[in-house]
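Step one of this worksheet: look at the structure below.
The values are calculated or read from the model by the stated rules, or taken from the named source; none is laboratory data. Please read these numbers as outputs of a predicted model, since none were measured by experiment. Note that we place each Cβ from the backbone using ideal geometry, even for glycine, and neighbour counts take in every protein chain shown. Heads up: the accessible areas ignore ligands, DNA and RNA and are worked out on the full protein's heavy atoms, side chains in. Shrake-Rupley method; radii C 1.70, N 1.55, O 1.52, S 1.80 Å.
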Amino acid sequence: MSKGFAYPIYVTRPLLPDLNRLQAKMAEIWESKWLTNCGSQHARLEERLTGYLGVPCLSLFNNGTIALLTACQALGLSGEVITTPFTFAATPHVLAWSNIRPVFCDIDPHSLNIDPARIEPLITRRTSAIMPVHVFGHPCDVDSIRDIADKHRLKVVYDAAHACGVGLNGVGIGNFGDVTMFSFHATKLFHTVEGGALACKDGCLKENFELLKNFGIQDEDTVLLPGINGKMNEVQAAIGLLVLDELAAEQARRKRLIETYANCLRPVEGVSFYRDPIGVDYNGQYFVVRISEKEFGCSRDQVYEKLKEYNVFARKYFHPLCSDFPSYRRLPSANHANLPVAAQVAREVLSLPLFGELTTAQVEKICSILASFRRPLKAYPPASQGSCGKGAADSGPDAGKLISNL
Ligand code: T4K
C-alpha cells in the first residue's frame with residue numbers, strides 16, 4: 001500500500017504483558033492446579049482492583065455482559081428500564097434477556113451520554129431503573145441522574161464498560177448509582193482477555209453477586225438462588241494482575257497520543273471532538289471524532305471507507321443505534337423523532353486508532369490522511385452518490401424474536 005501504511009492500523013490493540021512474566025504466572029497456576037472457582041489470583045486481582053477503582057465493594061466476572069445481567073437479576077429489575085440508544089449491543093440485550101423492555105432516551109450532543117433532561121417524560125409506572133452508559137469513558141451527568149432516580153425511586157445501574165480508571169472530582173467512577181459494571185475485554189484499556197466486574201457500596205449486594213455468579217451455590221448442600229456461571233478464571237485474573245502493573249505507562253502514552261490528535265485535528269474544519277470538563281480524570285480509552293458532512297465536504301461513511309484504502313481501520317462506534325436493531329426498532333421509544341440527537345451523532349462518529357504502541361508520527365500521519373479528504377462542499381455530490389465511498393445502508397431482517405414479548 002504505497003499511499004498509506006504498509007501494515008493495518010486497527011482501532012485498538014490489547015496491552016500485552018511481558019511474556020516471561022506471564023510464563024512465571026502460568027507456572028504458579030500450574031503448580032497450584034487451581035484453575036478457576038475464585039482462587040488466589042482472583043482474590044489478588046479483586047483486592048488490587050478495588051483499590052485501583054476506589055470503590056467499597058467489587059465482584060469480578062467472566063465478562064461485562066454477564067456482570068450486567070447479574071446486576072439486573074440482583075436488583076430485581078423488571079418492566080421497563082430507561083437507557084441510551086448510543087451504546088454497544090450488550091446494553092439493551094442484557095435488558096431483553098432479563099425480559100425488560102429497553103426505553104431509549106436521547107443523548108446529550110456534547111458528551112454523547114444519556115440526556116438527563118429527556119429522562120423524566122419516559123418514566124412510567126413500569127419503570128424500575130435507569131441504565132446510563134459512560135460512553136467512551138466520559139462521565140454521565142451523575143448528579144442529575146441521581147436526583148431523578150431519587151425522586152422516582154428508581155435504581156441506577158451504570159454501564160461503565162469503557163470507564164475503568166476514570167475519576168470524577170477525585171472520586172472513582174464506580175461510586176455512583178446502585179451498581180456500576182466495568183468491562184475488561186481485550187479491547188479495553190485494562191483487560192483480562194475477557195472479563196468484567198460489578199462495583200457497589202453495599203456488602204450484602206456483593207454477597208448476592210457472589211452467589212449469583214456461582215450458580216446460586218452457598219455450600220455443598222445448599223443452592224439458594226437460580227444463579228449463572230459468571231466466574232472469572234485464574235488465567236484471566238493472572239493476566240489482569242500483569243496488565244494492571246503496566247496500566248499507568250499505557251495511559252500516559254495514550255494521553256500523549258490524544259493530545260497529538262487534538263492538536264492536529266483542531267484546525268480541520270468539519271472535524272470535532274469532545275474534551276471532558278475540568279474535574280474529570282479521563283482514562284484514555286478512545287479518541288472519537290465527529291465528521292460534519294456539511295463542513296467537511298465528505299461524509300463519515302466516506303471517510304471510514306477512504307481510511308481503509310490507507311490501511312487505517314477506524315470504527316463506527318456506535319452505528320447503527322441500538323434502537324435501530326431489528327429487535328428494538330418497533331418500540332415506540334425507538335422512533336427517530338424521539339432520538340434526533342442520537343440519530344445525527346450515529347451518522348457522524350468515528351473512533352480513530354488509539355493504543356499505546358502507536359507512535360506520535362503515526363497519529364500525525366493518520367490525521368494528515370484524514371484531513372486530505374476534506375473538500376470544499378461543491379466538489380462533492382451528496383453522500384448517497386459520493387465519490388469518496390458508498391454510504392452504509394440500514395437494511396436487515398424485520399423485528400427479531402427476543403423483543404416480541406417486551
Ligand atoms: N457495554 C458497552 C458500552 C460495551 O462497549 C461493551 C463491550 C459491553 C457493555 C460488554 O462488555 P463485554 O461483555 O464485551 O466485556 C468490541 C468488544 O468486543 C466489546 O467488548 C466492546 N464493548 C466493543 C465496543 O468493542 P467489536 O465487535 O468492535 O470487536 P472487534 O473484535 O471488532 O475488535 C475491534 C478491534 O480491536 C479489531 O479491529 C482489532 C482489535 N483487536 C480485537 C481483539 C478482540 C485486537 O487487536 N485483538 C483482539 O484480541 O467489539
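Just the residues that are part of a helix (DSSP H, G or I), hydrophobic (A, V, I, L, M, F, W, C) and either under 10 Å from the mean Cα position of the chain (by Cα) or within 12 Å of the ligand (Cβ to nearest atom) (or both), please, taken from the range 135-158.
So in the range 135-158, the residues part of a helix (DSSP H, G or I) come out as 135-137, 142-152.
Those left that are additionally hydrophobic (A, V, I, L, M, F, W, C): 135-136, 142, 145, 148-149.
Hits for the range 135-158 are 135, 136.
Listed here are the residues, each with its yes/no results for (1) open to solvent by 20 Å² or more (accessible area, probe 1.4 Å); (2) within 15 Å of the ligand (Cβ to nearest atom); (3) among the basic types (Lys, Arg); (4) in contact (Cβ under 8 Å) with a residue 24 or more places away in the chain.
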| position | (1), (2), (3), (4) |
| --- | --- |
| 286 | yes, yes, no, yes |
| 289 | no, no, no, yes |
| 302 | no, no, no, yes |
| 324 | yes, no, no, yes |
| 333 | no, no, no, yes |
| 343 | no, no, no, no |
| 350 | no, yes, no, yes |
| 369 | no, no, no, yes |
Going residue by residue through the range 62-71, is there one that turns out to be open to solvent by 10 Å² or more (accessible area, probe 1.4 Å), within 16 Å of the ligand (Cβ to nearest atom) and part of a loop (DSSP other than H, G, I, E, B)?
yes
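Considering only the range 85-98, I want to know if a residue exists there that is more than 16 Å from the ligand (Cβ to nearest atom) and surrounded by fewer than 19 Cβ atoms within 10 Å (Cβ to Cβ).
No, there is no match, as no residue in the range 85-98 is more than 16 Å from the ligand (Cβ to nearest atom) and surrounded by fewer than 19 Cβ atoms within 10 Å (Cβ to Cβ).
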Residue by residue through the range 304-315, note down the ones that are open to solvent by 40 Å² or more (accessible area, probe 1.4 Å) and within 11 Å of the ligand (Cβ to nearest atom).
313, 315
Restricting to strands (runs of 3 or more DSSP E) lying wholly in the range 159-255: which have 1 or more residues that are open to solvent by 10 Å² or more (accessible area, probe 1.4 Å)?
179-183, 217-219
Test for residue 253: is it farther than 15 Å from residue 53 by Cα, at pLDDT below 95 and either under 21 Å from the mean Cα position of the chain (by Cα) or small (Gly, Ala, Ser) (or both):
no
May I ask you to say which residue of 103, 142, 81 is closer than 25 Å to residue 351 by Cα and β-branched (Val, Ile, Thr)?
142
What number of residues within the range 1-54 satisfy the criterion of being of a type in the set (Asp, Glu) and over 25 Å from residue 181 (Cβ atoms)?
3
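Results for (1) touching a helix residue (DSSP H, G or I) at 6+ places or on another chain (Cβ under 6 Å); (2) over 18 Å from residue 188 (Cβ atoms); (3) open to solvent by 60 Å² or more (accessible area, probe 1.4 Å); (4) not hydroxyl-bearing (Ser, Thr, Tyr), shown as yes or no for each residue.
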residue	(1), (2), (3), (4)
5	no, yes, no, yes
12	no, no, no, no
31	no, yes, yes, yes
80	no, yes, no, yes
Checking the conditions here, which among 75, 53 is at pLDDT 95 or above, away from the ligand (no atom under 15 Å from the Cβ) and surrounded by fewer than 21 Cβ atoms within 10 Å (Cβ to Cβ)?
75
What are the pairs, 6+ residues apart or on separate chains, where a residue within the range 2-14 that is farther than 20 Å from residue 192 by Cα and more than 6 Å from the ligand (Cβ to nearest atom) has its Cβ under 9 Å from a residue that is in a loop (DSSP other than H, G, I, E, B) and open to solvent by 60 Å² or more (accessible area, probe 1.4 Å)?
7/1
Subset of the range 111-134 that is hydrophobic (A, V, I, L, M, F, W, C) and in a loop (DSSP other than H, G, I, E, B) - its residue that is nearest to residue 148 (Cα to Cα):
119
Is it the case that residue 357 is part of a loop (DSSP other than H, G, I, E, B), over 23 Å from residue 110 (Cβ atoms) and open to solvent by 10 Å² or more (accessible area, probe 1.4 Å)?
yes
Test: residue in the range 100-108 that is in contact with a Ser or Thr (Cβ under 7 Å, 6 or more places away or on another chain) and of a type in the set (Phe, Trp, Tyr)
yes
